[in-house]
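Input: a single structure, listed below in structure tokens.
The values are calculated or read from the model by the stated rules, or taken from the named source; none is laboratory data. Just so we're clear, the structure is a prediction, and the values are computed from it rather than from any experiment. Using ideal geometry, Cβ is built from the backbone for each residue, glycine included, and neighbour counts are taken over all protein chains shown. Areas reflect the complete protein model, heavy atoms only, side chains present, ligands, DNA and RNA absent. Shrake-Rupley method; radii C 1.70, N 1.55, O 1.52, S 1.80 Å.
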Amino acid sequence: MTLRAADLPPGQRARDDFPRFGLTPYATRFPARPADPALECRLPGRDPLALPDPLAGLPRVERRADFHCVTTWSCRGVGWSGVRFADFHRLHLQPGLAALPVAALTVVLRAQDGYRTTLPLADLLADDVLLADRLDGAPLPLEHGAPLRLVAPAHYGYKSVKHLARIDLVVGAPRLRPAALAFMDHPRARVACEERGRWLPGWLLRRLYRPLVPGTVRRFSAAMAARR
Ligand SMILES: Nc1nc2c(c(=O)[nH]1)N[C@H]1C(S)=C(S)[C@@H](COP(=O)(O)O)O[C@H]1N2
Ligand SMILES: [Mo]
């Protein structure tokens with residue numbers, strides 16, 4: 001661990017590595033189809049849309065962004081490549097949404113390992129949100145979300161769903177049991193506002209989460225090594 005740099009968001013500390021990380025039960029859960037990027041999309045009142053190659057036909061972009069985990073570690077300057085979620089939306093989602101306004105829609109994001117969370121559609125349309133299939137110039141490795149992950153740098157890492165498998169657009173607040181306990185899953189989780197969780201203030205969650213980092217990093221990397 002290095003000391004917190006002055007330009008990191010409140011409560012964050014930079015680390016030199018980019019660890020495999022997540023909720024403890026997910027340390028030993030892996031994607032069922034790590035080489036198959038197929039994505040299913042569900043829109044209100046429409047048949048499910050199956051996309052075997054979800055990035056096909058979209059402009060590729062590269063983005064460098066800091067990655068902020070809610071437990072207070074940050075990794076500076078991670079280099080992603082993929083397509084903008086906004087471009088994906090324009091091609092595949094918007095045509096099926098008819099007159100439904102963006103502001104009315106929430107997106108449920110589900111992963112091949114069973115992980116799930118939500119974000120407002122409006123947040124996903126920000127220019128820095130990607131569907132990424134490459135990391136630092138190489139194909140996305142299993143530990144960082146192969147075959148396809150969401151990257152939403154303005155939100156805590158728990159919104160950047162790895163091994164993305166399905167996205168559902170729903171009107172209003174979805175009835176979803178989040179992967180984490182309800183208090184841990186803020187509907188927006190914006191890093192700049194320190195929206196670490198619901199109900200409890202960010203400064204308190206910082207203190208609760210920070211001691212869990214070293215053990216969680218060890219657990220996730222041991223599970224990855226065992227899998228190889
Ligand atoms: N499918 C899936 N996505 C996930 C998680 C997970 O356990 N499973 N953990 C989340 C959390 S809490 C964080 S901090 C980041 C970690 O991403 P990394 O393993 O690439 O560092 O992934 C997020 N997305
Ligand atoms: Mo996290």
Exercise for the section: Scan the stretch 189-196 and give yes if some residue there is farther than 18 Å from CYS75 by Cα and open to solvent by less than 40 Å² (accessible area, probe 1.4 Å), otherwise no. Expected result: yes
Practice task
Scan the stretch 172-188 for residues that are surrounded by 13 or more Cβ atoms within 10 Å (Cβ to Cβ) and either within 17 Å of TRP73 (Cα to Cα) or not aromatic (Phe, Trp, Tyr) (or both) and jot them down.
Solution key: PRO174, LEU176, PRO178, ALA179, ALA180, MET184, ASP185, HIS186, PRO187, ARG188
Fill in the blank from the handout: By residue number, the members of the stretch 90-103 that are open to solvent by 10 Å² or more (accessible area, probe 1.4 Å), within 18 Å of ASP53 (Cα to Cα) and either touching a residue at least 24 places away in the same chain (Cβ under 8 Å) or within 16 Å of ligand 1 (Cβ to nearest atom) (or both) are LEU91, HIS92
Fill in the blank from the handout: GLY145: passes all of (1) open to solvent by less than 10 Å² (accessible area, probe 1.4 Å); (2) more than 22 Å from CYS41 (Cα to Cα) but (2)
Practice task
Look at THR106 and say whether it is within 16 Å of ligand 2 (Cβ to nearest atom), β-branched (Val, Ile, Thr), in contact with a strand residue (DSSP E or B) (Cβ under 9 Å, 6 or more places away or on another chain) and open to solvent by less than 40 Å² (accessible area, probe 1.4 Å).
Solution key: no
Practice task
Give the residue, chosen from VAL61, VAL78, that is among the hydrophobic types (A, V, I, L, M, F, W, C), within 15 Å of ligand 1 (Cβ to nearest atom) and either on the phi > 0 side of the Ramachandran plot or open to solvent by less than 70 Å² (accessible area, probe 1.4 Å) (or both).
Solution key: VAL78
Problem - Test: residue in the stretch 74-92 that is part of a loop (DSSP other than H, G, I, E, B) and touching a Leu at 6+ places or on another chain (Cβ under 8 Å) - result: no
Handout entry: Matching residues in the stretch 199-228 - criterion: being open to solvent by 30 Å² or more (accessible area, probe 1.4 Å), among the hydrophobic types (A, V, I, L, M, F, W, C) and in a helix (DSSP H, G or I)
Key = TRP203, LEU204, LEU208, LEU212, ALA222, ALA225, ALA226
Practice task
Please list, ordered by first then second residue, the pairs with beta carbon atoms under 8 Å, 6 or more apart or interchain, first in the stretch 16-43 and open to solvent by 60 Å² or more (accessible area, probe 1.4 Å), second within 12 Å of ligand 2 (Cβ to nearest atom) and modelled with pLDDT of 95 or more.
Solution key: ASP17/CYS75; THR24/THR216; ARG29/TYR115
Handout entry: Number of the condition not met by LEU51 [criteria: (1) within 15 Å of ligand 2 (Cβ to nearest atom); (2) farther than 14 Å from GLN112 by Cα]
Key = (1)
Handout entry: Candidate set: the stretch 107-152, residues that are of a type in the set (D, E, K, R) and either assigned to a loop (DSSP other than H, G, I, E, B) or in contact with a Pro (Cβ under 8 Å, 6 or more places away or on another chain) (or both); chosen: the one nearest to TRP80 (Cα to Cα)
Key = ASP136
Handout entry: Members of the stretch 139-173 that are touching a residue at least 12 places away in the same chain (Cβ under 8 Å), within 10 Å of ligand 1 (Cβ to nearest atom) and not aliphatic (A, V, I, L, M)
Key = GLU143, HIS144, GLY145, ARG149, TYR156, GLY157, TYR158, LYS159, SER160, LYS162, HIS163
